[in-house]
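Novice: Got a structure here, written out as structure tokens. Questions coming.
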Amino acid sequence: MYNIKSIRFIWMLLIFFILIHYLFYPEKYTADNLTKYCSANKTFIFISYISISLLRAIFFLPSTIFVIMGIVLFPQNPFFVLFISMLGIVSGASFIYFSANFLNIEKIFRKRSIEKTNKINQLVEKYGLFIVFIWAFIPIVPTDLICYAAGKYKINYLKFIIALFFGELILLALYIWTGKSLMEILL
């Protein structure tokens, strides 16, 4: 089991390093330089994007930022961004679902999340999998929490993943095609 404090420390250290680098070398972060870097490193960026999209759920990172990165990195391939994003979400949701009992998320996210997972369980019992669909569709609520609750309370996996899939699919399609349209207008 990984130590959440170590992960947070590494994450904060990475952000700190990037900020310091930006302060000393702001010219490297211009649109032209970033475009040149992306053009020169297409394979690396492609592999990195797929890897990060697939692994982000292990660290409970929201998928939205990676979808936005995909829109920026691959504006001509919205179906690729949708496919990779959905693959990452479904694999991450499955990991959290099947790992719910050994993750001991209560220790990681403290008492407040335990109360939330109990409320989620009550909502699922009352409204069925429709709540999973709605939860996955609403961008301001953490999808990983519903995945954890579904696994912890032994909700039928197939029904859970189908409801989650369609909720996320609609949300991501809105993100991707709206973002693509905005990029076409701005560029």
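Novice: How do the helices (runs of 4 or more DSSP H) wholly within the range 97-156 filter down when requiring 1 or more residues that are at pLDDT 80 or above, among the hydroxyl-bearing types (Ser, Thr, Tyr) and under 17 Å from residue 57 (Cβ atoms): which remain? Outline the logic, then answer.
Specialist: Working: elements: 105-127, 130-137, 143-152.
Where helices (runs of 4 or more DSSP H) fall fully within the range 97-156 and carry at least 1 residues being at pLDDT 80 or above, among the hydroxyl-bearing types (Ser, Thr, Tyr) and under 17 Å from residue 57 (Cβ atoms), they are 143-152.
Novice: Modelled with pLDDT of 90 or more and surrounded by 15 or more Cβ atoms within 10 Å (Cβ to Cβ): which single residue out of 60, 80, 66 fits that description?
Specialist: On the way: 60 fails: modelled with pLDDT of 90 or more; 66 fails: modelled with pLDDT of 90 or more.
After ruling out the rest, the residue left standing is 80.
Novice: Here is a further query. Of all residues in the range 30-57, how many are closer than 14 Å to residue 74 by Cβ and at pLDDT below 85?
Specialist: Matching residues across the range 30-57 total 3.
The values are calculated or read from the model by the stated rules, or taken from the named source; none is laboratory data. Just so it is clear, the structure is predicted and the values come from calculations on it, not from any experiment. Cβ coordinates were reconstructed from backbone atoms using ideal geometry, including for glycine residues, and neighbour counts include every protein chain displayed.
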